[in-house]
1. Return the calculated 222 nm mean residue ellipticity for the chain, to the nearest 500 deg cm²/dmol, obtained by summing -39500 (n - 2.57) across DSSP H runs with n ≥ 4 and dividing by the residue count.
2. Step through the residues of segment 82-89 one at a time and calculate ³J(HN,Hα) from phi using the Karplus curve (6.51 cos²θ - 1.76 cosθ + 1.60, θ = phi - 60°), rounding each to whole Hz and writing x for Gly and Pro.
3. Using 0.36 nm times the number of residues separating Gln7 and Ala68, minus their current alpha carbon distance, what extension gain do you get?
Amino acid sequence: MKEIKCQNCGSLALHREDGFWVCDYCGSRYEIDRRQKEKIEYLVMKAEEAFEKQKYGKMNDCAMHILAIDPYHSYSWLIRMLNEDMEHRLKKDRK
Ligand SMILES: [Zn+2]
């Protein structure tokens, strides 16, 4: 993933806010790359499709791809937690 750096003060401490990166130090706002956003939207759609087909491994792969682009994508962390929970339950069922 491309390192996100404040172009105003050079700080690496930025946080996400409504589709923007906001600098913790000087408050500058940067729009998140639109192409990346579109890719994330596509991957979210794919993850939801996989979920409906109960292909949890594929759903998890989509989440991993999203997190490689945007490590703060909370929805993908939810998918990953859900996937772990599903795997746990499937293992229990097999016993
Ligand atoms: Zn800054």
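Read-outs throughout are calculated quantities, based only on the coordinates presented, and are distinct from any laboratory measurement. Note that the coordinates shown come from a computational prediction; the quantities given were computed from them, not determined experimentally.
1. So the helix-based figure for the chain works out to -19000 deg cm²/dmol.
2. Using θ = phi - 60°, the values come out as 4, 4, 4, 4, 4, 4, 4, 5 Hz.
3. Contour length minus the Cα-Cα distance gives 19.7 nm.
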